[in-house]
1. Cβ under 11 Å from B:Gly32's Cβ, B:Gly32 left aside: what net charge do those residues give with Lys, Arg +1 and Asp, Glu -1?
2. Count neighbours as other Cβ atoms within 10 Å of each site's Cβ, and list the GluC sites (Glu not before Pro) in the stretch B:31-93 that are DSSP loop with at most 14 such neighbours.
3. Give the lysines whose C-alpha is closer than 19 Å to that of A:Lys205, dropping any in the same chain fewer than 8 places away, or say none.
4. Let's see if you can work this out: charge +1 on each Lys and Arg Cβ, -1 on each Asp and Glu Cβ, no other charges. What is the dipole magnitude of the stretch B:131-203 about its Cα centre, in debye to the nearest 20?
5. For chain A, which whole-number percentage of the solvent-accessible area (1.4 Å probe, protein heavy atoms only) is attributable to carbon and sulfur atoms?
6. Roughly how many nanometres apart are two label points built 7 Å out from the Cα toward the Cβ at B:Ala145 and B:Trp131?
7. Summarise the partner chain shielding of A:250-256 as one whole number: the mean count of Cβ atoms from other chains within 10 Å of each residue's Cβ.
8. Once the other residues with Cβ under 15 Å from the Cβ of B:Gly64 are scored (Lys, Arg +1; Asp, Glu -1), what is the net sum?
Amino acid sequence: MLVLAFFEFSPRRSGTPFLGLGADNPFVGLEHFRQMFDFADTAPLEVRQFHTALKVTLLFAFLIVPLNLAITLPLAAMIESVGRRSRVWFRTVFFLPVLTSAVGVAIIWGFVLHPQRGLLNALISRVTGGSTVIAWTTDPNLSFLGIPIALLAVSVAYLWQDIGYNLVIFVAALQAVPDSVKEAALVDGASAGQRFRLITLPLLKPTILLASVLTMISAFQVFDLFQVMTDGGPEDQTRALSLDIYQNAFRFQRMGWAAAVSLVLFLVVFTISRAQSRLLRTDWEY
Amino acid sequence: MIEGDAMTRAGYHFTAFDGLPYSFFSLLTQAGGSMLNEDGTAFTLNTPEGKEALELMKSMVDEGIIDPVLFNDTENWVGDCYFEGFCAMGLVGPWVVPDYAEAFPEVAGATQYVPLPAYNGSNAFIADSGWGLTVSKDSPVAEAAWDFIRFAALDPTNAAAYNLTSGTLPGLKANATDAAAAELTATFPHFAPFFEILPNGQYVGNLPDRDLLFYDIGYPHLLSALQGSETIDEALAAMEQEANETFG
């Protein structure tokens, strides 16, 4: 990938016997990366699509991480507070979607969100008493707080599949919080909310860091759900970088450009993960 | 069929990945235009003929024949849509019928292929070459490979045998008439209307990147124009600019 990013490489063209590089697949140096900074309306299609894909991916990742943590942390605390048998049952139920194939999840959510036969529209129709036909994943004019509904639809499907992973991590971390600390706070008269906010949450900081970094990385890598649920549409509103890379590399055979975009994706994930680590770093352990 | 404000069943589904570009390029040709300039070095889509073609397609949407928001390539794809009873007609290749026949035998049995009506007195349509055989110019056995291709594809008897085995339309003009065509029609009755329209077919031309033109340039802009997100003029201008970029 590193090598291809510096070549105008396509397997459809003939190169030299050495990996097919050179000849009709010429060395272009940093040209791909220079093109990425061309923000003119007349920039080549793949450059404009890259800009869109970068925006979509960042929006998706920064939507998923806080939502995931906001759901999994309280849920883990609730599961931790129930009896041992129920805890195992809840953990299993919430972890099952993680084990499900992403393509299967995408197809199921496709059924749920189908405009004519979908469960969601049927439910809304039943509640409102009217006939509801909403194209959740294909109407380019639908948005909520400026976020395209199609992107939110994929986000919901992804959260449904992914929350079990962080949930298990948080349940394990909660079990590791020493009882002595919580009991001392109880003796001091701290309420349940205060104990969670002032004792448990700070002690979970390293786990929150781990979960947020892992979630961020996996959110940047999501491909299957976008490919199956929306294929990047409507109007590129769900064109994630992973999908952009796939389409350039394997549908249109622009391997050199796709490799350059992959490198950018790696750098973005690396930079954001480093920033998260610095932001949530703690100098102590318990 | 409209329920409330929404279309629950479409009349004619032509808004999928293949259907949209094929419809546009064919109508553009029937209107008297051409996809490419005379020497094949530039696309000529943003023309009065291109506008006429897209306006006709938009009028079909405006008249309620199809809602391109609810029926496109991602949602209610033409094969699913037709066989599940959500579309009365659809523009799609003949491979779809045997593909769905097992799950929907009654629909498949009642399905007929028909030529599209003429526009502007013309039945011309644009199509690419179907599946092709290629040989790398770097291949050390290129001549032997070309010999095989000549044997398999250019010999009428062998080419007809291939069509009979694979259920495909003949690539050789000689096999599209007379006995060879009759034998194919006897084996595959749904081929009959295709033989009627084959003489109207025009080669799509030597495109720099056919898939890029159809799927990443044509489909999104045509769909946006039909959905109302782009005006017809905007869609045509963007398509022509992006299509010409593919020449490099």
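1. Around B:Gly32, the charge tally is -2.
2. Of the GluC sites (Glu not before Pro), the ones in loops of the stretch B:31-93 whose Cβ has at most 14 other Cβ atoms within 10 Å are B:Glu38, B:Glu63.
3. A:Lys182
4. Values: 3 positive and 7 negative charges, 23 e Å.
It comes to approximately 120 debye.
5. The nonpolar share, carbon plus sulfur, comes to 67 percent.
6. Calculated label separation equals 1.7 nm.
7. Rounded to a whole number, the mean comes out at 2.
8. Local net charge: -3.
The values are calculated or read from the model by the stated rules, or taken from the named source; none is laboratory data. Predicted, not measured: the structure shown is a model, and the values here were computed from it. Neighbour counts run over all protein chains shown; Cβ positions are idealised from the backbone, glycine included. Side chains are part of the model used for accessible areas, which takes the heavy atoms of the whole protein and leaves out ligands, DNA and RNA. Shrake-Rupley method; radii C 1.70, N 1.55, O 1.52, S 1.80 Å.
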